[in-house]
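The block underneath contains the structure these notes are about, expressed in structure tokens.
The values are calculated or read from the model by the stated rules, or taken from the named source; none is laboratory data. All values reported here derive from a predicted model rather than from experimental measurement. As a convention, Cβ positions derive from the backbone with ideal geometry for all residues, glycine included, and neighbour counts pool all protein chains shown. SASA here: full protein model, heavy atoms, side chains in, ligands and nucleic acids out. Shrake-Rupley method; radii C 1.70, N 1.55, O 1.52, S 1.80 Å.
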Amino acid sequence: MKNHLKRIVAPRTMRIARKEDTWMIRPSAGPHPLKNSIPLGIIIRDYLGLCDSYREAKRVISSGSVLVDGRPRKSHQYPCGFMDVISIPATKKDYRMVYDRKGRLELVTISGKEASWKLCRIENKKHLKGGHTQLNFHDGRTKLVDNDEYKTGDVVRLNLSDNKIEETYPFKKGSISLIIGGSHVGETAEISHLQTVSSSRANLATMKGAEEFFTITHYVFPIGKAKPVISLPEVSMNG
């Protein structure tokens, strides 16, 4: 696999200067696909400005000084994506990665308490022998549960220290959700109606925010019951 990627063709989810240099770090294979991830080296150098060069970024990261979801990641190519929690213990700073209104992945400063958990959407489920159910999340995580009370599309609040589910935000009418794709990306809105389409086309959701709009259900990510439980970029509401 190549270690570099041309900046001009880098995914639009990255907030980088595309014409200053030719090359950039290429995210390695991991929990998030290339088009929806940012390599840790770029986050440390370009997003947070903690160093001036990639060589310095590699040195900082390889020392184990940067945590992603509570675990030290020592590769500058490690792919960070939506809802990942990035912590720098030396600076006592914590960040969560979310989409802004331009569809770019942005870092939002969060408290240490909020950094102890992350939201994970259930992409699909698998029933196993012994009555267990395996939940497969959007970030590649899996979890075995005994009580199959979860549905595909639901979002759970997962404690990063013990991997326990603390709360569930169901994918249903009335849930506050973040739009993670399409022309309304970065907006928060309430699910007003869910429509199952009897064809190969995607199912639709009617959302009620500043105005009513439609989007496909795959773009709807519940983030709360009555209000958002995560901090969001300021531009998420007013562009």
When both residues are 6+ apart or on different chains and their Cβ atoms are under 7 Å apart, which pairs have a first residue that lies in region 47-58 and is without any contact (Cβ under 8 Å) to a residue 24 or more places away in the chain, and a second that is among the small types (Gly, Ala, Ser) and open to solvent by less than 40 Å² (accessible area, probe 1.4 Å)? Cys51/Ala57; Ala57/Gly41; Lys58/Gly41
Any residue at all in region 16-32 that's among the basic types (Lys, Arg) and under 30 Å from Ser161 (Cβ atoms)? no
By my count, strands (runs of 3 or more DSSP E) wholly in region 1-61 with at least 3 residues that are touching a strand residue (DSSP E or B) at 6+ places or on another chain (Cβ under 9 Å) and open to solvent by less than 40 Å² (accessible area, probe 1.4 Å) are 37-39
Boolean, Lys151 is among the basic types (Lys, Arg), without any contact (Cβ under 8 Å) to a residue 12 or more places away in the chain and open to solvent by 20 Å² or more (accessible area, probe 1.4 Å): no
Which one of these does Tyr150 not meet: (1) over 21 Å from Met97 (Cα atoms); (2) in a strand (DSSP E or B)? (2)
Read through the list (1) open to solvent by 40 Å² or more (accessible area, probe 1.4 Å); (2) at pLDDT 95 or above; (3) touching a strand residue (DSSP E or B) at 6+ places or on another chain (Cβ under 7 Å); (4) charged (D, E, K, R), then give the number of the only condition that Lys74 fails. (3)
Inside region 166-203, can you point out the residues that are surrounded by fewer than 16 Cβ atoms within 10 Å (Cβ to Cβ), in a strand (DSSP E or B) and of a type in the set (A, V, I, L, M, F, W, C)? Leu194
